[in-house]
Amino acid sequence: MSEDKKTIGLTAENRSVMDRIMDKGFFRDQKDAAMFAMAYAIEQGIRAGNSEGANTIWNVGSLDPDGEIRVLISNLFPDTSTPYRLLEFFVNAGLAQMGVRMEKEPGMEMDDFLGDSSIVGTPNPSTS
């Protein structure tokens with residue numbers, strides 16, 4: 001059994017995507033962007049995996065000070081014994097997916113990543 005991560009990192013490619021996202025002003029800070037990328041990857045149905053070549057950016061104590069993300073990952077993926085490794089994977093996978101979309105559609109805005117508005121709490125007109 002491998003030990004869980006104490007630091008979370010990004011690959012060089014995803015660091016570049018993060019820079020583009022931050023340049024667009026989508027998020028207040030990189031931690032918020034990382035959490036969005038994690039959620040985006042999970043919502044896109046990306047299967048759990050491992051990140052290779054990630055260089056340290058955050059200590060898990062600064063990224064997840066209350067352990068809420070660790071608990072969330074553990075609840076969503078009960079078979080994992082290393083939730084922070086999985087968090088790192090999903091952050092990188094989400095950034096990679098976002099980078100591909102931004103390349104194809106350079107004028108994208110943040111809400112373009114949100115997809116179906118009913119997912120983010122907007123009432124679906126057909127059910128009202």
Next on the checklist: How tilted is helix 83-104 with respect to the longest principal axis of the chain? Cα atoms for both, answer in degrees (0 to 90, nearest 10).
Outcome noted: 40 degrees
Checklist outcome for this item: Unit-weight point scatterers at every alpha-carbon of the chain, Debye formula, q = 0.15, 0.17 1/Å: log10 I(q)/I(0) is -0.71, -0.90
Next on the checklist: Just to be sure I follow the rule: in the chain, considering lysines 8 or more places apart or on different chains, how many pairs have Cα atoms under 29 Å apart?
Outcome noted: 4
Item to check | Within the range 27-48: backbone nitrogen closer than 13 Å to the GLU109 label point (7 Å, Cα to C-beta) | outcome: none
Checklist entry - Using a simple spin-label model with points 7 Å from Cα along the Cα→Cβ vector, what separation in nm is obtained for GLU68 and LYS6? => result 2.6 nm
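Can you pull out the GluC sites (Glu not before Pro) in the range 30-73 whose DSSP state is coil and whose Cβ has at most 10 other Cβ atoms within 10 Å?
Here the sparse-neighbourhood loop sites are GLU52.
Each reported figure results from applying straightforward, stated rules to the coordinates on display, with no laboratory input. Note that the structure is predicted; figures quoted are calculated from it, not measured. Neighbour counts run over all protein chains shown; Cβ positions are idealised from the backbone, glycine included.
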